[in-house]
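A quick write-up on the structure given underneath.
What follows is calculated from the coordinates using simple rules that are stated; it is not laboratory data. Keep in mind the model is a prediction, meaning the values are calculated, not measured. Cβ sites come from the backbone with ideal geometry, for glycine too, and all protein chains shown count toward neighbours.
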Amino acid sequence: MSDTKEQLLSKLGFRFGRNGPHAARTMMFDDLCILFSRLPVNASPADYANEVVNNNILGKPTKKARELALRHLIALYGLDAQSPLFRAMRRLWEVDEAAQPVLALTVALARDPLLRNTQSFILNRQPGSPVTREDLEKLLVADYQDRFSSASLKSFAQNVNGTWTAAGFLSGRVRKTRSVPIITPANVALCLFLGHLEGFSGQRLFTSPWIELLTRPLDELEGLASSASHRGLLVFMNAGGVKEVRFPDFLTPEEEEIRQEVSSVI
């Protein structure tokens, strides 16, 4: 992906580079659930900061721990309704509780390059097959040679495993196996929206890396997209094999201009 395209997508909520919060944390799903249960959809960044740092809603032992938790949550999710990516997740979060683990994972993947580099590794494993921390460490060593010490490599692998487990792609406490996550219309809506932000349209939306995350056959994905459309989460039309997907009110006019510019950049 070109630097120009990365810069444009960053304006829509994506993050790029070589660093990411999974070097130190999981996707912090439980913390995110607590925070969202306390604050409304239109909460401001200051509201999130106040709850985490001043009110200690997450129950952290020190002020420094509270500040670190906030920093990692911002890196993972943005916590800003001015960001289209976060705004879409927050909008869909209220729709279906069962969708929430994969909603959180989807945004974490869009915002953490370290986690994103493990997606193919996880998705290529067949359901029921073992996924060891050592296998993941080998992947990380290959991708980031001489970057991690043995201790930090182990911690990073554990954090990544913890995130994929929380999202339902892995199961087991010590010995992990590949499992099949719960996928709902809200998950399909968010993954189609991320593809939309990256410039995909029509049939191509159903072949983007984001929709591939959901590991479902095309006919099932189309059925879930239809359900999402009936629930008002998006507009999906499929006639004669020609697909159209629209997201009314998801983007401001200024954001739509950026999205259109993204679609024209290689």
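Annotations
- When the chain is treated as a Gaussian network with alpha carbon springs shorter than 10 Å, the biggest mean-square fluctuation among Ile74, Ile34, Ile182 belongs to Ile34.
- All-pairs Cα distance distribution in segment 185-263, expressed in whole percent, bin size 10 Å: 20, 56, 23, 1
- Highest average packing first - 17-25, 3-11, Cβ atoms within 10 Å: 17-25, 3-11
- When the Gaussian network model of the chain links Cα atoms closer than 10 Å, the mean-square fluctuations of Arg87, Arg15, Arg204 top out at Arg204.
- The calculated 222 nm mean residue ellipticity attributable to helices in the chain amounts to -15500 deg cm²/dmol, summing -39500 (n - 2.57) over DSSP H runs of n ≥ 4 and dividing by all residues.
- Only alpha carbons enter this Debye calculation for the chain, each as an equal point scatterer, and the log10 of I(q)/I(0) it gives at q = 0.07, 0.08, 0.12, 0.13 Å⁻¹ is -0.24, -0.32, -0.74, -0.88.
- Hydrodynamic radius by Kirkwood, which averages 1/r over all alpha carbon pairs of segment 115-178, in angstrom: 11.8
- Partners for Lys154 among aspartates and glutamates (Cα-Cα distance below 16 Å; same-chain residues under 8 apart left out): Glu134, Asp135, Glu137, Asp143, Asp146
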